[in-house]
Amino acid sequence: MKFGEFMAAIRKGELPHVFLLGGEEPYYIDKAKEALLGKLFPGGTGMADALQKVSGDMAIDDLLASIEAAPFFADKNVILIAGTNLFRESKSSADTKEVEALVRQFSDMPPYSYLIFVAPYRADKRRKLYKALAKEGLVLESEPLRAWNIQDWLQGKLQSIHKQMDRDAYAYFAGAVSMMQQISLSYLDKEFDKLALFSKAPRITKAELIAVFSGLPEVSVFALLDAISARDGKKALMLLHRQLADGTYFTVLLALLTRHVRQLWQAKVLIEKGVRGRALAKPLELNPFIAEKLGRAAAGFKEPVLKRAMLLLIDADYLLKTGQAGNELLEEAVITLCKN
């Protein structure tokens, strides 16, 4: 189940005795683990005596013995296995006798024992162990968030810090997030907490967000890519030179320029197929606001221009790897994109 469903499940009623917190987004895993331990140990009472933390897998025979062992100084026996490999994809369909024993244990847990597995990867749902745990307990599927579906997280975060975001700030946030190769929810969570501490106004402004994201190279290039989308060659070259002067690596600029040209090209192809406006969001994996904006920009480019720019950037990548690349290659790509 997704994060919201999982949190709702542990808030209501009696907890099951087995859990799997799995997936590639550590933010949700950490939040779910914190909430789960808070439910098991209200106010932290008894945690020191009852919680057994294990890094990596322990021998299944030892795990089974720990599950059956009655607690001495607490009323619970909670075993947290962080970094388990038991739920990874396996080429073999046959399970060992130990795994079979663990499967049986899931349906016959002692009333005082709770077992929490943490798997920082996508669990293999075909495995008998996964199916048994999903039947007897709760499974969190913590998938990484993408720019196009971050809205739910943002709304929840703004509510938790009692803030709103004005239109300009939201437009900037959506654009900044769309520039991130990987979205770190832990980073965003901390930065919004800082905004809540230092901003007394009920609304977060664009200026405040610019201050937050200004240190991230991929976000600071945002203005450059906006100028390219607007085909403003003079401004684009000025911003490119500023980025290089500020120490942004050639490789970072090359990667972001290549990604932007690819997105423009993809948007143009989709538009020609009849996909327009916010409908571009899902195939491009972008926030709907940004996808619509990208679509408007893509309509202003001819496909041969985008193809020519992509070839220049591919050449720049090759020449960089052979020690022959220079800033003039990026300049040529920008000029190609912006000239009439």
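Here are a few things to note about the model shown:
- Contact map, region 110-123: residues that are under 17 Å from Lys76 (Cβ atoms) and modelled with pLDDT under 95 paired with residues that are among the acidic types (Asp, Glu) and part of a loop (DSSP other than H, G, I, E, B), Cβ distance under 6 Å, separation 6+ or inter-chain. No pairs are found.
- Considering region 106-141, and only residues there that are in contact with a Ser or Thr (Cβ under 7 Å, 6 or more places away or on another chain) and in a strand (DSSP E or B), the residue that is nearest to Leu64 (Cα to Cα) turns out to be Phe117.
- Region 11-31: number of residues that are on the phi > 0 side of the Ramachandran plot and surrounded by 21 or more Cβ atoms within 10 Å (Cβ to Cβ): 1
- Pair list, Cβ < 8 Å and 6+ apart or interchain, from region 245-260 residues that are in a loop (DSSP other than H, G, I, E, B) to residues that are not polar (S, T, N, Q): Thr248/Pro217; Thr248/Val221; Tyr249/Pro217
- Asp189 meets the stated requirement of being open to solvent by less than 50 Å² (accessible area, probe 1.4 Å), out of contact with any Pro (no Cβ under 9 Å at 6 or more places or on another chain) and at pLDDT 90 or above.
- Close pairs (8 angstrom Cβ cut-off, 6 or more residues apart or separate chains): farther than 18 Å from Glu285 by Cα in region 167-180, open to solvent by less than 10 Å² (accessible area, probe 1.4 Å) anywhere: Ala169/Ile204; Ala169/Leu209
- Residues (open to solvent by 30 Å² or more (accessible area, probe 1.4 Å), farther than 17 Å from Met1 by Cα and at pLDDT below 90) located in region 124-148: Arg146, Trp148
- Scanning region 300-325 for residues that are loosely packed, with under 15 Cβ neighbours inside 10 Å and either closer than 22 Å to Lys235 by Cβ or aliphatic (A, V, I, L, M) (or both) yields Gly300, Lys302, Leu311, Ile314, Leu319.
- In region 150-175, residue nearest to Ile290 (Cα to Cα) [restricted to those that are of a type outside the set (Asp, Glu) and assigned to a loop (DSSP other than H, G, I, E, B)]: Ile150
- Any hit, region 77-94, residues being among the aromatic types (Phe, Trp, Tyr), surrounded by 13 or more Cβ atoms within 10 Å (Cβ to Cβ) and either assigned to a helix (DSSP H, G or I) or at positive phi (or both): no
The values are calculated or read from the model by the stated rules, or taken from the named source; none is laboratory data. If you're wondering where the values come from, they're calculated on a predicted model, not measured in any experiment. For neighbour counting, all protein chains shown are included, and Cβ atoms are generated from backbone atoms with ideal geometry for every residue, glycine included. For the accessible areas, the whole protein counts, side chains as well, though only heavy atoms, and no ligand, DNA or RNA atoms are used. Shrake-Rupley method; radii C 1.70, N 1.55, O 1.52, S 1.80 Å.
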